[in-house]
Amino acid sequence: MTLFLPIRKIAFAGALCSVGLAVLYVATAVLGTLGHTNLLGFTRQFSLRDENNIPTWFSGLLILLCAAVLGLIALHKRRINDPYAGHWIGLSAIVLFLAVDEVASLHEMTVEPLHTLFGTSGFLLYAWLIPGGAFVVSVGLLYIGFLSHLPHRTRALFLVAGAVYVGGLWESRCWRDSMTLSSAPQIWAMSR
(Lines give C-alpha, C1' and ligand atoms only; values in the text may rest on other atoms or scores of the structure.)
Protein backbone atom coordinates (compact mmCIF):
# COMPACT_ATOMS: atom_id res chain seq x y z
CA MET A 1 0.00 0.00 0.00
CA THR A 2 1.42 3.33 -1.03
CA LEU A 3 -0.11 6.52 0.25
CA PHE A 4 1.05 9.85 -1.04
CA LEU A 5 0.07 12.92 0.93
CA PRO A 6 0.71 16.42 -0.42
CA ILE A 7 2.69 17.31 2.70
CA ARG A 8 3.81 20.72 1.47
CA LYS A 9 0.26 21.71 0.53
CA ILE A 10 -1.11 20.47 3.84
CA ALA A 11 1.62 22.30 5.77
CA PHE A 12 1.03 25.49 3.76
CA ALA A 13 -2.73 25.34 4.37
CA GLY A 14 -2.16 24.73 8.09
CA ALA A 15 0.33 27.59 8.32
CA LEU A 16 -2.01 29.91 6.43
CA CYS A 17 -4.89 29.08 8.79
CA SER A 18 -2.61 29.54 11.81
CA VAL A 19 -1.45 32.95 10.60
CA GLY A 20 -5.06 33.91 9.85
CA LEU A 21 -6.17 32.95 13.36
CA ALA A 22 -3.21 34.84 14.88
CA VAL A 23 -4.10 37.95 12.85
CA LEU A 24 -7.74 37.73 13.98
CA TYR A 25 -6.61 37.32 17.59
CA VAL A 26 -4.33 40.36 17.37
CA ALA A 27 -7.05 42.39 15.62
CA THR A 28 -9.62 41.61 18.32
CA ALA A 29 -7.03 42.35 21.03
CA VAL A 30 -6.17 45.73 19.45
CA LEU A 31 -9.85 46.58 19.08
CA GLY A 32 -10.29 45.57 22.73
CA THR A 33 -7.71 48.15 23.80
CA LEU A 34 -9.72 50.75 21.89
CA GLY A 35 -12.82 49.96 23.94
CA HIS A 36 -14.44 47.32 21.73
CA THR A 37 -14.18 44.49 24.23
CA ASN A 38 -16.79 41.97 23.09
CA LEU A 39 -17.25 42.48 19.32
CA LEU A 40 -20.43 40.37 19.31
CA GLY A 41 -18.55 37.50 20.94
CA PHE A 42 -15.77 37.36 18.35
CA THR A 43 -13.14 38.43 20.88
CA ARG A 44 -13.54 35.15 22.77
CA GLN A 45 -14.10 33.12 19.61
CA PHE A 46 -10.68 34.15 18.22
CA SER A 47 -8.78 34.25 21.51
CA LEU A 48 -5.68 32.06 21.58
CA ARG A 49 -5.84 32.01 25.38
CA ASP A 50 -9.38 30.64 25.76
CA GLU A 51 -10.75 27.18 25.10
CA ASN A 52 -13.86 25.92 23.30
CA ASN A 53 -13.54 28.39 20.43
CA ILE A 54 -12.38 28.50 16.80
CA PRO A 55 -8.60 28.17 17.47
CA THR A 56 -9.33 25.22 19.77
CA TRP A 57 -11.35 23.50 17.07
CA PHE A 58 -8.61 24.16 14.52
CA SER A 59 -6.02 22.71 16.88
CA GLY A 60 -8.25 19.70 17.51
CA LEU A 61 -8.62 19.18 13.76
CA LEU A 62 -4.84 19.23 13.28
CA ILE A 63 -4.38 16.70 16.08
CA LEU A 64 -7.15 14.56 14.56
CA LEU A 65 -5.32 14.61 11.22
CA CYS A 66 -2.19 13.37 13.00
CA ALA A 67 -4.22 10.55 14.57
CA ALA A 68 -5.59 9.62 11.14
CA VAL A 69 -2.11 9.51 9.58
CA LEU A 70 -0.85 7.40 12.49
CA GLY A 71 -3.86 5.12 12.00
CA LEU A 72 -3.05 4.67 8.30
CA ILE A 73 0.55 3.87 9.17
CA ALA A 74 -0.71 1.38 11.79
CA LEU A 75 -2.92 -0.35 9.20
CA HIS A 76 0.00 -0.64 6.81
CA LYS A 77 2.34 -1.93 9.52
CA ARG A 78 -0.26 -4.50 10.56
CA ARG A 79 -0.65 -5.74 6.98
CA ILE A 80 3.07 -6.34 6.66
CA ASN A 81 3.26 -7.94 10.13
CA ASP A 82 5.61 -5.29 11.48
CA PRO A 83 6.58 -6.14 15.08
CA TYR A 84 5.77 -2.57 16.14
CA ALA A 85 2.29 -2.39 14.53
CA GLY A 86 0.73 -2.35 18.00
CA HIS A 87 2.80 0.67 18.94
CA TRP A 88 1.49 2.55 15.89
CA ILE A 89 -2.07 1.63 16.87
CA GLY A 90 -1.36 2.83 20.40
CA LEU A 91 0.03 6.13 19.13
CA SER A 92 -2.99 6.65 16.92
CA ALA A 93 -5.34 5.98 19.87
CA ILE A 94 -3.41 8.32 22.18
CA VAL A 95 -3.38 11.12 19.62
CA LEU A 96 -7.08 10.57 18.88
CA PHE A 97 -7.79 11.00 22.60
CA LEU A 98 -5.69 14.19 22.60
CA ALA A 99 -7.79 15.54 19.70
CA VAL A 100 -11.04 14.81 21.54
CA ASP A 101 -9.63 16.30 24.74
CA GLU A 102 -8.51 19.43 22.89
CA VAL A 103 -12.04 20.09 21.66
CA ALA A 104 -14.04 18.77 24.64
CA SER A 105 -11.65 19.91 27.43
CA LEU A 106 -11.98 16.58 29.23
CA HIS A 107 -8.89 17.25 31.33
CA GLU A 108 -10.60 20.34 32.77
CA MET A 109 -13.10 18.04 34.50
CA THR A 110 -10.26 16.65 36.61
CA VAL A 111 -8.83 19.98 37.77
CA GLU A 112 -10.89 20.47 40.94
CA PRO A 113 -10.98 16.83 42.16
CA LEU A 114 -7.23 16.36 41.63
CA HIS A 115 -6.44 19.80 43.07
CA THR A 116 -8.38 18.82 46.19
CA LEU A 117 -6.78 15.36 46.35
CA PHE A 118 -3.18 16.56 45.92
CA GLY A 119 -3.53 20.05 47.47
CA THR A 120 -1.62 21.59 44.58
CA SER A 121 -0.75 25.22 43.99
CA GLY A 122 1.66 27.36 42.01
CA PHE A 123 3.26 25.56 39.08
CA LEU A 124 1.12 22.49 39.75
CA LEU A 125 -2.15 24.37 40.27
CA TYR A 126 -3.57 22.26 37.43
CA ALA A 127 -3.25 18.94 39.22
CA TRP A 128 -4.10 16.90 36.10
CA LEU A 129 -0.48 17.51 35.15
CA ILE A 130 0.56 14.99 37.82
CA PRO A 131 -1.22 11.94 36.32
CA GLY A 132 -0.61 13.41 32.86
CA GLY A 133 3.12 13.58 33.54
CA ALA A 134 3.08 10.02 34.85
CA PHE A 135 1.29 8.93 31.66
CA VAL A 136 3.87 10.69 29.46
CA VAL A 137 6.74 9.01 31.33
CA SER A 138 4.99 5.60 31.13
CA VAL A 139 4.39 5.92 27.38
CA GLY A 140 7.99 7.06 26.93
CA LEU A 141 9.27 3.99 28.73
CA LEU A 142 6.93 1.65 26.82
CA TYR A 143 8.02 3.16 23.50
CA ILE A 144 11.82 3.07 23.96
CA GLY A 145 12.14 -0.04 21.77
CA PHE A 146 9.77 1.42 19.19
CA LEU A 147 11.74 4.66 19.03
CA SER A 148 15.07 2.87 18.71
CA HIS A 149 13.61 0.86 15.80
CA LEU A 150 12.70 3.99 13.81
CA PRO A 151 15.03 5.55 11.24
CA HIS A 152 17.21 8.24 12.82
CA ARG A 153 15.45 11.20 11.16
CA THR A 154 11.96 9.89 11.99
CA ARG A 155 13.00 9.22 15.59
CA ALA A 156 14.37 12.74 15.91
CA LEU A 157 11.17 14.24 14.47
CA PHE A 158 9.02 12.16 16.85
CA LEU A 159 11.07 13.30 19.84
CA VAL A 160 10.99 16.95 18.77
CA ALA A 161 7.22 16.81 18.14
CA GLY A 162 6.60 15.20 21.52
CA ALA A 163 8.84 17.70 23.31
CA VAL A 164 7.12 20.66 21.61
CA TYR A 165 3.65 19.31 22.44
CA VAL A 166 4.40 18.42 26.07
CA GLY A 167 6.54 21.55 26.51
CA GLY A 168 3.71 23.68 25.18
CA LEU A 169 1.31 22.12 27.65
CA TRP A 170 3.76 22.67 30.49
CA GLU A 171 4.41 26.28 29.47
CA SER A 172 0.79 27.20 28.99
CA ARG A 173 -0.56 25.44 32.05
CA CYS A 174 2.19 25.74 34.63
CA TRP A 175 4.19 28.83 33.87
CA ARG A 176 1.79 31.25 32.19
CA ASP A 177 -1.19 30.41 34.40
CA SER A 178 0.86 30.61 37.57
CA MET A 179 2.05 34.04 36.41
CA THR A 180 -1.57 35.09 35.94
CA LEU A 181 -2.85 33.61 39.20
CA SER A 182 0.02 34.56 41.48
CA SER A 183 1.99 37.63 42.22
CA ALA A 184 5.67 37.79 41.28
CA PRO A 185 6.96 37.28 44.87
CA GLN A 186 4.89 34.10 45.25
CA ILE A 187 6.25 32.73 41.96
CA TRP A 188 9.80 33.51 43.09
CA ALA A 189 9.18 31.65 46.36
CA MET A 190 7.75 28.64 44.49
CA SER A 191 10.78 28.37 42.23
CA ARG A 192 13.21 28.01 45.15
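Quick rundown of the values:
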item: Relative contact order for the chain, counting Cα pairs under 8 Å that sit 6 or more residues apart, in percent; result: 13 percent
item: Separation in nanometres of the label points that stand 7 Å from Cα toward Cβ, at GLU108 and THR2; result: 4.6 nm
item: Rg/Rh (Cα only; Kirkwood hydrodynamic radius) as it applies to region 1-113; result: 1.12
item: Globularity index of the chain, i.e. its alpha-carbon radius of gyration over 2.2 N^0.38 Å; result: 1.21
item: Geometric extent, Cα atoms of region 1-41 - Rg, Dmax (angstrom); result: 16.8, 57
item: Accessible area per residue in Å² at 1.4 Å probe, computed on region 69-138; result: 57 Å²
item: Furthest towards positive pole of dipole, LEU124, SER105, GLY86, structure part region 41-143, Cβ charges; result: GLY86
item: Percent accessible area from carbon and sulfur atoms, the chain, protein chains only, probe 1.4 Å; result: 73 percent
item: Largest-first ordering by accessible area, 1.4 Å probe, given options ARG49, ARG78; result: ARG78, ARG49
item: With Cα atoms, 0 to 90° folded angle of helix 85-104 axis to the chain main axis; result: 20 degrees
item: Computed over region 58-97, Cα set: Rg, Dmax in Å; result: 10.3, 35
item: Size-normalised alpha-carbon gyration radius of region 101-166, reference 2.2 N^0.38 Å; result: 1.40
item: Accessible surface of GLU51 - all protein chains present, 1.4 Å probe, nearest 10 Å²; result: 50 Å²
item: For the chain, built as a Gaussian network whose Cα springs stay under 10 Å, the top-fluctuating residue of HIS107, HIS149, HIS87; result: HIS149
item: Gain upon complete extension [THR37, LEU147; 0.36 nm per residue less C-alpha separation]; result: 34.8 nm
item: Relative contact order of region 87-156, pairs being alpha-carbon contacts under 8 Å that are 6 or more residues apart, as %; result: 22 percent
item: Mean-position separation - Cα centroids, region 61-132 and region 1-60, in angstrom; result: 22 Å
item: Residue-level accessible surface for ASP101, protein heavy atoms, 1.4 Å, Å²; result: 20 Å²
item: With Cα atoms, 0 to 90° folded angle of helix 54-79 axis to the chain main axis; result: 10 degrees
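The values are calculated or read from the model by the stated rules, or taken from the named source; none is laboratory data. Note that the structure is predicted; figures quoted are calculated from it, not measured. Positions of Cβ are generated from backbone atoms using ideal geometry, with glycine treated the same way; all protein chains shown enter the neighbour counts. Ligands, DNA and RNA are excluded from the accessible area calculation, which covers all protein heavy atoms including side chains. Shrake-Rupley method; radii C 1.70, N 1.55, O 1.52, S 1.80 Å.
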